[in-house]
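This report concerns only the one structure given below.
The values are calculated or read from the model by the stated rules, or taken from the named source; none is laboratory data. Keep in mind that what you see is a predicted model, and the values were worked out from it rather than measured. Cβ: placed from backbone, ideal geometry, glycine included. Neighbour counts: every protein chain shown.
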Amino acid sequence: MFNALVVDKDDDGKTHAAVKELSLDDLPHAEVTVAVEYSTVNYKDGLCIGPGGGLVRNYPHVPGIDFAGTVEASDDDRYKPGDKVVLTGWRVGEAHWGGYSQKARVKADWLVPLPKGLDTRQAMAVGTAGLTSMLSVMALEDHGLEPGHGPVLVTGAAGGVGSVAVALLASLGHEVAAVTGRPEQEAYLRDLGATQIVAREELTEVTRKPLESELWAGCVDAVAGAMLGRVLKQMKYGTSVAAVGLAGGAAIEGALITPFILRGVNLLGIDSVMQPFANRQRAWERIARDLPMDKLEAMVQPATLSDLPKLGGDILKGQVKGRVVVDLNA
Ligand code: NDP
């Protein structure tokens, strides 16, 4: 028997989450059984712990969109017992039972061997949010971003995606401007490597101007909404925005077409969920190489399975700082 956070739905449609004992027979069928060591709390986990918002297909459900651990049993030649693995995406924790469980059973295709230089806890301090930041930086580099081009903007900077993006870009030698709605997090963001702090209000006011002064050499945007509308107008000529999330809303407002036509700005959509194996492996190897582990440690807030119902609500309110790492054996 082992413990898991199980979310179930009442007859009246209300969801409730509780730590329960399960057996291996309860797990879904798939090739690889993993003893999960760490998982994390992402925005989608907040949705899945609560009413689901269409993400959860069937109840009862075990959320947790990412995890790292050790293979316990495998019907696939690529993995053997004792291998250290990491999983992100593929709708695990949404359509398939996920990482808020001491054991998980998943398809071999969804796993990545843990790269040298990262342990399972560090891999989850990075997690889906950090992998997405790495994929964003790689996309910006593929579109020409290099250190020395000017400040790179990171929105939602004190959140999970933002914190890793700030640390990663700074360690790669970029000047980093961090946008936050939490002025009290300035010291935290400067410690991660931000050289400039931009108040959220400066970028959420909608203006009718078709373009503004060219300020940013690149952007990792976790917020969208009004902020993305403003940021697009402030991008330097020929630069790119990696759009990752919509913590600030799905609608982009303002005179939108001008940055694309008159400044050749690129809007790159980044999705970590369906990334093919080769991309995920390349991104994890670069994380192990490029992300300073002392900065990663500064982002971590530890948690246990029983903390998750509250943390799921906190992340939806934008109140979580950095990365929450759930220790499945605590
Ligand atoms: P977090 O909640 O950790 O961070 C989001 C941050 O956005 C907050 O900390 C806050 O930063 C800022 N924010 C929140 N609400 C608003 C608002 N109304 N207006 C402006 N800023 C706001 O979430 P994550 O970093 O984990 O995820 C961020 C987004 O990225 C989510 O939409 C998530 O679903 C998405 N995502 C997408 C992935 C992909 O593959 N494309 C993968 C992972 C996440 P501050 O307090 O500093 O202002």
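Are there strands (runs of 3 or more DSSP E) fully within region 1-83 with at least 3 residues that are of a type in the set (Ser, Thr, Tyr) and surrounded by 15 or more Cβ atoms within 10 Å (Cβ to Cβ)? List them. Even if it seems obvious, please write down each step before you answer.
Details: elements: 2-9, 15-22, 32-41, 66-74.
Because the criterion is at least 3 residues that are of a type in the set (Ser, Thr, Tyr) and surrounded by 15 or more Cβ atoms within 10 Å (Cβ to Cβ), the strands (runs of 3 or more DSSP E) in region 1-83 that meet it are 32-41.
Could you list, in sequence order, the residues of region 235-252 that are without any contact (Cβ under 8 Å) to a residue 60 or more places away in the chain and closer than 10 Å to Arg263 by Cα? Explain how you work it out, then say what you get.
First, the residues of region 235-252 that are without any contact (Cβ under 8 Å) to a residue 60 or more places away in the chain: 235, 237, 241, 243, 246, 249-252.
Across region 235-252, the qualifying residues are Met235, Tyr237.
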Taking only pairs six or more apart or across chains, which ones have beta-carbon atoms under 6 Å, a first residue in region 7-32 that is charged (D, E, K, R), and a second residue that is in a strand (DSSP E or B)?
Lys9/Thr15; Lys20/Val6
If Ala178 passes every condition in (1) within 22 Å of Val126 (Cα to Cα); (2) in contact with a Pro (Cβ under 8 Å, 6 or more places away or on another chain); (3) surrounded by 24 or more Cβ atoms within 10 Å (Cβ to Cβ) but one, which one does it miss?
(2)
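Report yes if Ala104 is crowded, with 17+ Cβ neighbours inside 10 Å, of a type outside the set (Ser, Thr, Tyr), in contact with a strand residue (DSSP E or B) (Cβ under 8 Å, 6 or more places away or on another chain) and over 25 Å from Met299 (Cα atoms), otherwise no. Talk me through it step by step, then tell me what you get.
Working: crowded, with 17+ Cβ neighbours inside 10 Å: yes; of a type outside the set (Ser, Thr, Tyr): yes; in contact with a strand residue (DSSP E or B) (Cβ under 8 Å, 6 or more places away or on another chain): yes; over 25 Å from Met299 (Cα atoms): yes.
Here the answer is yes, as Ala104 does meet what is asked.
Rundown of residues vs (1) under 20 Å from Gly181 (Cβ atoms); (2) within 16 Å of the ligand (Cβ to nearest atom); (3) of a type in the set (Val, Ile, Thr); (4) surrounded by 14 or more Cβ atoms within 10 Å (Cβ to Cβ), yes/no style:
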site: Leu232; (1), (2), (3), (4): yes, yes, no, yes
site: Glu253; (1), (2), (3), (4): yes, yes, no, yes
site: Leu256; (1), (2), (3), (4): no, no, no, yes
site: Leu262; (1), (2), (3), (4): no, no, no, no
site: Leu268; (1), (2), (3), (4): no, yes, no, yes
site: Arg286; (1), (2), (3), (4): no, no, no, yes
site: Pro292; (1), (2), (3), (4): no, no, no, yes
If we keep only residues of region 93-112 that are among the aromatic types (Phe, Trp, Tyr) and assigned to a loop (DSSP other than H, G, I, E, B), then the residue farthest from the chain's Cα centre (by Cα) is Trp97
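Tell me yes or no: at least one residue of region 88-103 is among the aliphatic types (A, V, I, L, M) and over 16 Å from Val273 (Cα atoms). Spell out how you get there, then give the answer.
Start the filter on region 88-103 by keeping residues that are among the aliphatic types (A, V, I, L, M), which leaves 92, 95.
Going one step further and asking which of them are over 16 Å from Val273 (Cα atoms), we end up with none.
No, the conditions are met nowhere in region 88-103.
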All but one of (1) closer than 26 Å to Arg200 by Cα; (2) at pLDDT 95 or above hold for Pro302; which doesn't?
(1)
Residues within region 272-298 that are modelled with pLDDT of 95 or more, aliphatic (A, V, I, L, M) and in contact with a helix residue (DSSP H, G or I) (Cβ under 8 Å, 6 or more places away or on another chain), tallied
3
Which of the strands (runs of 3 or more DSSP E) contained wholly in region 233-330 include at least 3 residues that are in contact with a Phe, Trp or Tyr (Cβ under 7 Å, 6 or more places away or on another chain)?
323-327
